[in-house]
Amino acid sequence: MPDPTDTPVIEIRDLHKRYGPLEVLKGVDLVAPRGHVVSLIGSSGSGKSTLLRCCNLLEDSQQGEIRFEGEAVRWRGEGLARHPADRDQVTRIRTNLSMVFQQFNLWAHMTILQNVMEAPITVLKRDPKEVEARAREYLAKVGIGDKADAWPAQLSGGQQQRAAIARALCMEPRALLFDEPTSALDPELEQEVVKVIKALADEGRTMLLVTHDMKLAADCSDHVVFLHQGRIEEEGPPAALFGNPQSERLRGFLSATA
Ligand code: ADP
Ligand code: MG
């Protein structure tokens, strides 16, 4: 069991995010304790992807606090105008929170093995021999150990997504961030990815999971957050959220997705 006194991997307080005049996140609090799976659900446009991208600093935000393992993210300037020391912080946090996207985003000109090895070698400057051994282990773990030398285009969607998960794991991150990892897949391929995600949850990995798959959220989460128009409308353990939803909006959302 996770230690409740342990510093959370991610802690967000009163986060506000605007795109120009459009306020997309309107004061969100989110805590991802070590070893927990937190799922984010909600309609399209409710701000789930934006929240995930704010967590690993792919997006700046305008107000609120983000802590990574207790360390506050500093905001001196945005994007490339950031203070150089703060850019180092961004890189460090980003590499510790590996993201898996809906569209896999594998590099088409690299083999599966090269895809998995690329970032640990170029970003983390790890020893290629050691990285290769680890990459092969992770490919085997997600069930595509025999695809190391294949090109992404030769793999099914489910295999490509599993390669993307192996690539995220090979960074040995403190948490995994999934943005609708099964949405682009046919139902029969979806299950092979669901199995991998559940196995990672069972291993006690810290994960933030945006998903449209309520069964997956119910099965593997410790905590579920329902976002509505940039605010948390309701949150709680999956049994309560799915079994006994309190808000009218969540009830409507769940009956529409059932
Ligand atoms: P979700 O992932 O829940 O579908 P998003 O976080 O992608 O929602 O989007 C939330 C809102 O932010 C939507 O209204 C969307 O149109 C808007 N949005 C997302 N990205 C941008 C962007 N780069 N520029 C302007 N608006 C954006
Ligand atoms: Mg999204």
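The values are calculated or read from the model by the stated rules, or taken from the named source; none is laboratory data. Note that the structure is predicted; figures quoted are calculated from it, not measured. No Cβ is skipped: glycine too gets one built from the backbone with ideal geometry, and neighbour counts run over all protein chains shown.
What about LEU97, is it of a type in the set (A, V, I, L, M, F, W, C) and more than 21 Å from ALA175 (Cβ to Cβ)?
No.
Whether any residue in segment 79-102 is within 16 Å of ligand 2 (Cβ to nearest atom), under 22 Å from LEU241 (Cα atoms) and at pLDDT 95 or above is what I want to check.
no
Give the residue, chosen from SER39, SER61, that is within 14 Å of ligand 1 (Cβ to nearest atom), hydroxyl-bearing (Ser, Thr, Tyr) and touching a Lys or Arg at 6+ places or on another chain (Cβ under 7 Å).
On the way: SER39 fails: touching a Lys or Arg at 6+ places or on another chain (Cβ under 7 Å).
Exactly one of SER39, SER61 is within 14 Å of ligand 1 (Cβ to nearest atom), hydroxyl-bearing (Ser, Thr, Tyr) and touching a Lys or Arg at 6+ places or on another chain (Cβ under 7 Å), namely SER61.
May I ask you to say which residue of LEU227, LEU200, LEU189, LEU185 is over 19 Å from ASN56 (Cα atoms) and either touching an Asp or Glu at 6+ places or on another chain (Cβ under 9 Å) or of a type in the set (Ser, Thr, Tyr) (or both)?
Answer to the check: LEU185.
From SER61, SER43, SER49, grab the single residue that is surrounded by fewer than 18 Cβ atoms within 10 Å (Cβ to Cβ), small (Gly, Ala, Ser) and under 21 Å from the mean Cα position of the chain (by Cα).
SER43
Just one of VAL210, VAL224, VAL194 is surrounded by 20 or more Cβ atoms within 10 Å (Cβ to Cβ), over 24 Å from LEU15 (Cα atoms) and under 16 Å from the mean Cα position of the chain (by Cα); which is it?
Exactly one residue qualifies, and that residue is VAL194.
Could you run through segment 61-92 and say how many residues are in a loop (DSSP other than H, G, I, E, B) and closer than 23 Å to LEU209 by Cβ? It would help to see each step written out before you state the result.
The first filter runs over segment 61-92 and keeps only residues in a loop (DSSP other than H, G, I, E, B), leaving 61-62, 69-70, 73-78, 82-83.
Add one more test, that the residue is closer than 23 Å to LEU209 by Cβ, and what stays is 61, 69-70, 73.
Residues in segment 61-92 being in a loop (DSSP other than H, G, I, E, B) and closer than 23 Å to LEU209 by Cβ: 4 in total.
Looking only at residues that are part of a helix (DSSP H, G or I) and out of contact with any helix residue (DSSP H, G or I) (no Cβ under 6 Å at 6 or more places or on another chain) in segment 166-195, which one is nearest to CYS55 (Cα to Cα)?
Looking at residues that are part of a helix (DSSP H, G or I) and out of contact with any helix residue (DSSP H, G or I) (no Cβ under 6 Å at 6 or more places or on another chain), I get ALA168.
Cβ-Cβ distance below 9 Å, separation of 6 or more or different chains: which pairs start in segment 225-243 with a residue that is more than 18 Å from GLU23 (Cβ to Cβ) and aromatic (Phe, Trp, Tyr) and end on one that is within 16 Å of ligand 1 (Cβ to nearest atom) and assigned to a strand (DSSP E or B)?
That search, which allows pairs on different chains as well, returns PHE226/LEU40; PHE226/ILE41; PHE226/ILE232; PHE226/GLU233; PHE226/GLU234; PHE226/GLU235; PHE242/VAL224.
Return the residues of segment 197-207 that are touching a residue at least 40 places away in the same chain (Cβ under 8 Å) and buried (at least 18 other Cβ atoms within 10 Å of the Cβ); say none if nothing qualifies.
ALA201, ARG205, THR206, MET207
So, in segment 8-27, of the ones that are buried (at least 23 other Cβ atoms within 10 Å of the Cβ) and of a type in the set (Val, Ile, Thr), which residue ends up farthest from ligand 1 (Cβ to nearest atom)?
Among residues in segment 8-27 that are buried (at least 23 other Cβ atoms within 10 Å of the Cβ) and of a type in the set (Val, Ile, Thr), the one farthest from ligand 1 (Cβ to nearest atom) is VAL9.
Restrict the check to segment 36-45 and report whether at least one residue is in contact with a Pro (Cβ under 9 Å, 6 or more places away or on another chain) and either in a loop (DSSP other than H, G, I, E, B) or more than 28 Å from ALA258 (Cβ to Cβ) (or both).
From segment 36-45, those in contact with a Pro (Cβ under 9 Å, 6 or more places away or on another chain) are 36, 39; that's our starting set.
So of that shortlist, the ones also either in a loop (DSSP other than H, G, I, E, B) or more than 28 Å from ALA258 (Cβ to Cβ) (or both) come out as 36.
Taking every residue of segment 36-45 in turn, at least one turns out to be in contact with a Pro (Cβ under 9 Å, 6 or more places away or on another chain) and either in a loop (DSSP other than H, G, I, E, B) or more than 28 Å from ALA258 (Cβ to Cβ) (or both).
Looking at segment 234-251, can you tell me whether even one residue there is within 16 Å of ligand 1 (Cβ to nearest atom), assigned to a helix (DSSP H, G or I), modelled with pLDDT of 95 or more and crowded, with 19+ Cβ neighbours inside 10 Å?
Within segment 234-251, the subset within 16 Å of ligand 1 (Cβ to nearest atom) is 234-235, 249-250.
Remaining after also requiring assigned to a helix (DSSP H, G or I): 249-250.
Now narrow it down to the ones that are modelled with pLDDT of 95 or more: 249-250.
With the extra rule that they be crowded, with 19+ Cβ neighbours inside 10 Å, the set shrinks to 250.
Yes.
For segment 5-12, state whether one or more residues are part of a strand (DSSP E or B), charged (D, E, K, R) and under 24 Å from ILE232 (Cα atoms).
yes
So which residues in segment 108-126 are surrounded by 12 or more Cβ atoms within 10 Å (Cβ to Cβ) and not in a helix (DSSP H, G or I), if there are any at all?
MET110, THR111, VAL123, LEU124, ARG126
Restricting attention to segment 18-37, which residues are within 16 Å of ligand 2 (Cβ to nearest atom) and either within 19 Å of ASP213 (Cα to Cα) or free of Cβ contacts under 8 Å to residues at least 60 places away in the same chain (or both)?
Residues satisfying the conditions are TYR19, LEU22.
Can you name the condition, by its number, that PHE104 falls short on among (1) surrounded by 20 or more Cβ atoms within 10 Å (Cβ to Cβ); (2) within 16 Å of ligand 1 (Cβ to nearest atom)?
Condition (2) is where PHE104 drops out.
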